[in-house]
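Enquirer: Attaching a single structure in structure tokens format; questions to follow.
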Amino acid sequence: MITIDRASKVFLTRDGEDIVALKDASLTIGDCEFIALVGPSGCGKSTLLRLIGGLLPLSGGTITMDGAKVTGPREDTGIVFQAPTLLPWATIKDNVLFPLSLMGKLQPDSKAKAGQLLEMVGLGGFEQKYPRELSGGMQQRAAICRALLHDPSVLLMDEPFGALDALTREEMTLELLRIWTERPKTIVFVTHSISEAVLLADRVVVMSPRPGQIVEIIDVPLSRPRSFDQEGSDEFQRCARRIRELIFGRRDARAA
Amino acid sequence: MQPDAIALPTPAPRRKKPALWRRTQEFWLPLVVLTLLVLAWEIACRVFGVPAYLLPSPSAIWGETWAMRMQVLTHAGATFTTVMVGFLVSVAISLPLAVALTSSRMIANAIYPILILTQSIPKVALAPILVVVLGANELPRIVITFLVAFFPLVLSCAAGLLAVPPELLELGRACRASKWQELVRIRLPFAMPIVFSGLKAAIALAVVGAVVAEFVNADRGLGYLIVSATAFFKVPLAWGALILLSFMGIVLFQIVVAVERILVPWSNDNGKL
């Protein structure tokens, strides 16, 4: 369980100005829950993600994970970024093994595990290829495997499908749901896409900028397993409309 | 609307493999052009009777150089040694320097102005002073070669180290990688393609640096040979030394390119300059 209690983050610019990236964010995330963070640019969703990952120090408030305060990066956390950021000089398999080897935790069975993971995301047979030989979507699948290999209990995803084309994006959304079903874990997923957030998440955290803060947390009552068919359902539309209202204000939401 | 819409299957255009002379033209075309140029040079010298001290004919250059081939080779060997030692010293100093420059703002602020200063010194003017300070031996030549060659290498190494995507560094931190691991496992390999563009500049400049040093102070080397040959109006020999020097530059450059292809196969630069 992750408990975020009035977490704040203030950045100091070069001119010595304070920028409040996140203000008094409070949220409790249950085990194996899928949380989506949605909001316009500058609402602090990426900042919140990095605070949970311990990649940034808090300016105020606390974040605890299973009772322990988050003070730095934890090994039971996996991260996926918008860009695949694979190492260009390493094979796909070595890329997947990279975090474990950095942590000095390579086990005799790690390679087999990496192979299984790659098989699971449809990259079987590409283990010995180099990143440049794969498409963007395939690279991002490999990056997801890289984050999953040490079997973290929390997966942090910062707009992981943001750089993919629309079709690949839909494919990857279903793929992620399948992975999550096979290997349940807590996922915090940052996105710009309202429909992506509703389709994926148990709860959607809507955020607003200046200063970045949580506006509302919306429960998504859609049944699982989810599919794109549900996009037409009333529940889906109601959730999406509510999020739109929160982000754009009531009038714009009706017009849209 | 479309009368006769049944499309007849058109025969696929026959794709012939380009002829051998076309596929290899990248290699032989420059050679042909070069040969023609040399030929024109030879003919021009003979037809117009150009005196050898102004512009010796290619045959005269070849003749005089070949006649002194053992001496010329010894000189070339001396220059080669200076170039290589100077180049290796540049590499050995530039990489750690770039790591230091990029590791902290304070170090960068402290060192960078001094680096700029070393670049604003005219190396040709510095050479005679260095000879007095360091003695008339190989050392001042290596120092000059180093001073000429190392700066672009430091810059490209630093640029390469800073070009790492921030997400990759975040990944490293998320894996609790130490600073040393971050440097060796992420930053340095990532910098390699850009480092190699610096190495290519450095090897070319090292040849220039070695010759500059030999002009000022040397008893051997191709630079020395050019100075002493022209002093005795042996202009064809000076030309021979010059051509050999250019050849050395090209070969060394191509060696760096070849090493890059082996060590950094992921570089986008491959196949280009």
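The values are calculated or read from the model by the stated rules, or taken from the named source; none is laboratory data. Bear in mind the structure is a predicted one, so any value in this text is a computation, not a measurement. Glycine also receives a Cβ, built like all others from the backbone with ideal geometry; neighbour counts cover every protein chain displayed.
Enquirer: Starting from residues that are touching a helix residue (DSSP H, G or I) at 6+ places or on another chain (Cβ under 6 Å) and of a type in the set (A, V, I, L, M), keep the ones in region B:112-131 and report whichever is surrounded by the fewest Cβ atoms within 10 Å (Cβ to Cβ).
Expert: Looking at residues that are touching a helix residue (DSSP H, G or I) at 6+ places or on another chain (Cβ under 6 Å) and of a type in the set (A, V, I, L, M), I get B:V124.
Enquirer: Are there any strands (runs of 3 or more DSSP E) wholly within region A:142-256 with 3 or more residues that are closer than 23 Å to A:C43 by Cβ and over 13 Å from the mean Cα position of the chain (by Cα), and if so which?
Expert: Output list reads A:203-208, A:213-219.
Enquirer: Considering each residue of region B:215-264, count those that are part of a helix (DSSP H, G or I), more than 14 Å from chain A (Cβ to nearest Cβ), over 28 Å from B:A52 (Cβ atoms) and not aliphatic (A, V, I, L, M), and give that number.
Expert: Number of matching residues: 2.
Enquirer: Quick one: A:E159 ticks every box in (1) touching a residue at least 60 places away in the same chain (Cβ under 8 Å); (2) over 27 Å from A:L106 (Cα atoms); (3) surrounded by fewer than 20 Cβ atoms within 10 Å (Cβ to Cβ) bar one, so which box is it?
Expert: Failed condition: (3).
Enquirer: Against the condition among the aliphatic types (A, V, I, L, M), within 14 Å of another protein chain (Cβ to nearest Cβ) and surrounded by fewer than 23 Cβ atoms within 10 Å (Cβ to Cβ), how does B:V212 come out, does it pass? Lay out the reasoning, then the answer.
Expert: Details: among the aliphatic types (A, V, I, L, M): yes; within 14 Å of another protein chain (Cβ to nearest Cβ): no; surrounded by fewer than 23 Cβ atoms within 10 Å (Cβ to Cβ): yes.
Here the answer is no, as B:V212 does not meet what is asked.
Enquirer: Surrounded by 13 or more Cβ atoms within 10 Å (Cβ to Cβ) and not in a helix (DSSP H, G or I): is that true of B:A177 in this structure?
Expert: Judged against the criteria, B:A177 is a match.
Enquirer: What is the number of the single condition among (1) under 16 Å from B:A98 (Cβ atoms); (2) surrounded by fewer than 19 Cβ atoms within 10 Å (Cβ to Cβ) that B:G160 does not meet?
Expert: Of everything listed in (1) under 16 Å from B:A98 (Cβ atoms); (2) surrounded by fewer than 19 Cβ atoms within 10 Å (Cβ to Cβ), B:G160 misses just condition (2).
Enquirer: Further question: So which strands (runs of 3 or more DSSP E) are wholly in region A:1-120 and hold at least 3 residues that are away from chain B (no Cβ under 12 Å) and on the phi < 0 side of the Ramachandran plot?
Expert: Answer list for region A:1-120: A:2-12, A:18-29, A:34-38, A:60-65.
Enquirer: Go over the candidates B:A136, B:A206 one by one and state the one that is more than 14 Å from chain A (Cβ to nearest Cβ), modelled with pLDDT of 90 or more and more than 30 Å from A:R74 (Cβ to Cβ).
Expert: One residue alone meets the criteria, B:A206.
Enquirer: Next question, about the same structure. So which helices (runs of 4 or more DSSP H) stay within region B:10-92 end to end and still have 2 or more residues that are touching a residue at least 24 places away in the same chain (Cβ under 8 Å) and surrounded by 13 or more Cβ atoms within 10 Å (Cβ to Cβ)? Spell out how you get there, then give the answer.
Expert: Details: elements: B:20-23, B:25-48, B:58-67.
Counting at least 2 such residues, we get B:58-67.
Enquirer: Sticking with this structure for a sec: Given the residues B:F196, B:F150, B:F146, which is the only one that is out of contact with any strand residue (DSSP E or B) (no Cβ under 6 Å at 6 or more places or on another chain), crowded, with 18+ Cβ neighbours inside 10 Å, within 14 Å of another protein chain (Cβ to nearest Cβ) and closer than 22 Å to B:T82 by Cα?
Expert: From the options B:F196, B:F150, B:F146, the qualifying one is B:F196.
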